[in-house]
Every structure is written in C-alpha cells, then in structure tokens.
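None of the figures in this text is laboratory data; all of them are computed from the coordinates on show. Just so it is clear, the model here is predicted, and its values are computed rather than measured. Positions of Cβ are backbone-derived with ideal geometry, glycine not excepted, and every protein chain shown enters the neighbour counts.
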Amino acid sequence: MKQILNRLYNHERLSKSEATQILKDIAASTYNDAHLASFMTVFMMRPISVDELSGFRNALKELTIKVDFSDYNTIDIVGTGGDGKDTFNISTLTSFVVAGTGQKVAKHGNYSVSSQSGSSDMLESFGYQFTNDENTLKVHLEKANICFLHAPKFHPAMKAVGPTRKALALKTFFNMLGPLVNPSSPKNHMLGTFNLETARLYNYILQEEKNINYGIIHALDGYDEISLTSAFKLFTKKGEQIINPKDLGQKRIAQSEIFGGNNVADAAKIFKTILEGKGTEAQNNVVLTNAAFALTIVDENKSFETAFKESKDSLLGLKAKQTLEKLVSL
C-alpha cells in the first residue's frame, strides 16, 4: 500500500485492473487502518476516475453475495448520501410509494455514515429483520412488492473498511459505490448523487450496460435526489437535461421544509407521519415527484403526470403505509 499511496500522492491514477485488485486486497484485510484511511482520503481530495470507480465496482460485484430476481422487473431507488443536507429519508419513502403502486422494488441500502439516518437505520427502527436469503426476499417481493437488501449482509468485503469509514464519518468513494453494486442487479435504477461529477461518472459506467434503464439525478443546489429546492440535472440513456420544479407543475420549496430531524427517532417520526398521509404539502410533493420519476424510468412511455397520480394514490390512499406494514410483518 505504501507504494500505491506514493503513486497517488504524485497525482497518478489507477488502471481499472489495479483498482479491482486493490479493493480485493482491502477486502482481504491486507492493509492496516492508517493505510486505509489514507487511501480513502486521496479520493476525497481529487476526483475519482471512471476506470478507478469501475475497477472498485467490479471487485465488489465479484465478491458480493448475489440474489437472482431476474423473474421480476425491479427498480432500485437509492442515493449516494453524503450531500450534507440532513433531509428526511426521501429515497426510502419513495421506494415504499413506488411499491404501493404495484411496481417491484429491490431497495439496496445501509446504515448512515455521514447523515442522521440511513435507509437501514429506518427499516431497523420499524422492526424489519435483515436477511440475505433469496427465497425470503422473493416472498417479500411477491407479497409486499418490495424487499430490502441491507448492504453488510451482501458485501462481506465491506467489513474490512467499516470501522475506518465510521471513524472518518465523512463521505468517501464507498458512498459512490453503494448505488452501483445492488446484489440483485435490477433492470431499472434511479440513482441520486451528491455532486455533478459523480452523476457523470455513473452515466459513463451505466450507458455501457445495454439491458438496464436508469435515471441519474443531481439537484443543482447539492441534493442527491429531486428536492424541489432548485432545478436538477437528469441523465438517462437518451441524454441529459435540466428540469425546474415549475416544469413539473411544482412550487420551489425551502430547504427547511424537508429537514429530517436530529436523530433516527426524529427521522422515523417524520417518515411515519408522511406515510400516514399527514405530511406537509412540501414533504408529499418531494416524495411524489421522486416516485413519479422512478415509475417513468421503468416505463418510458408513461407520462410524468400519470405517474404522479399513481404515486399520489399510493401515498394518500395509504397503500405505501400498508406496504411497509406488510413487509415488516412477513
């Protein structure tokens, strides 16, 4: 690792194969904590390259415990985290709203590293039992239209970096990897990124994969999801565009309107309030807009307006709430 670090400090970049091998060595606990922290810090100080991110991704995908959901047309709705905005759990709520419409969701997530509450924190607070058993997860998909893939259950390679990431409590390139390594390899992806560079990296990587649909989102004021606090950039296989809230018939909202609280308990209370159909107009519209875009990624012939109506019926008709209750009870 000393030699690798010296190269990186000299502004050299890793090839795809080098990046793959290094992450495999990290997974094998080859390096000490100081070297790991130094390695992660490099990519916080300069942009990661497409080859480096692709190489790290290839290693994690090779080492992951895979599940086969090829019989289902699933979507994953996930953000990188690390945007520092402390919103409520928008992507997780969006996942339940989408599942409430009847669309199958294979949600990949983890505990929070750099924010108050991650998707795993939220699901665990509701009593969900994490599993990597394929048959159990298929039952969840069939009966609740959603299953949750808790990253540590599927990525044993990540155990080697867990303590260092927790000690740093900062976003690292592992935040970038999470959305790209769903163990079920879903056919559809809605990915949010904390900066524009990461969105472009994702686009370069995913446009090479022919059999998937994707939408990559970055709000221009820094959110890793559609926040309605500003315009957002959307990347798909068809190209890229900037979309303003008014283009969707939505009002621009203030950042304070989507604050997620100061701890997991606060976040869970907000989550439940919204699922019970008692969210504020701003909270509801942010979730519904994200859900509508997710549905249009799965079916590109579906209009945003139609998808928004379906999402609204799911949330305010309490189908999303029933989906969570069903999932936790299975």
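Details
- Global form of the range 114-204, assessed from the alpha-carbon gyration tensor, a/c cut-off 1.5: oblate
- Annotation: aspartates and glutamates with alpha-carbon distance below 17 angstrom to K251 (same-chain offsets under eight excluded): D221, E225, E281, E305.
- At 1.002 mPa s and 20 °C, Stokes D of the chain from Kirkwood alpha-carbon radius, µm² per second: 108
- Distance (nanometres) between label positions extended 7 Å along Cα→Cβ at S17 and E240: 3.1
- The calculated P(r) of the range 2-63, using every Cα pair and 5 Å bins from 0, goes 4, 19, 30, 30, 15, 2 in percent.
- Backbone N atoms of the range 255-279 closer than 18 Å to the 7 Å Cα→Cβ label point of D221 belong to residues 255-261.
- Cα long-axis angle, helix 134-144 against the chain (0 to 90 degrees, to the nearest 10): 20
- The alpha-carbon positions of the range 37-81 define a convex hull whose volume is 127 Å³ per residue.
- Per-residue ellipticity at 222 nm from helix content only, as computed over the chain with -39500 (n - 2.57) for each DSSP H run of at least four residues, stands at -14000 deg cm²/dmol.
- Equivalent-ellipsoid semi-axes of the range 247-302, from the Cα gyration tensor, Å, largest first: 24, 14, 10
- When the chain is treated as a Gaussian network with alpha carbon springs shorter than 10 Å, the biggest mean-square fluctuation among P152, P186, P47 belongs to P47.
- In degrees, nearest ten, helix 16-27 long axis to first principal axis of the chain (Cα): 90
- Pairs over the 31 Å Cα-Cα cut-off, from the set K66/K326; K153/K326; K107/K159; K153/K210; K210/K269: K210/K269.
- The charge dipole of the chain, taken about its Cα centre with unit charges on the Cβ of Lys, Arg, Asp and Glu (plus for the first two, minus for the last two), comes to roughly 80 debye.
- Considering only K66, K166, K210, the Gaussian network model of the chain with Cα springs below 10 Å gives its largest mean-square fluctuation to K210.
- Coil-residue chymotrypsin sites (Phe, Trp or Tyr not before Pro) of the range 241-330, DSSP, other Cβ within 10 Å capped at 14: none
- Inverse mean reciprocal Cα-Cα distance (Kirkwood Rh) of the range 149-263, Å: 15.9
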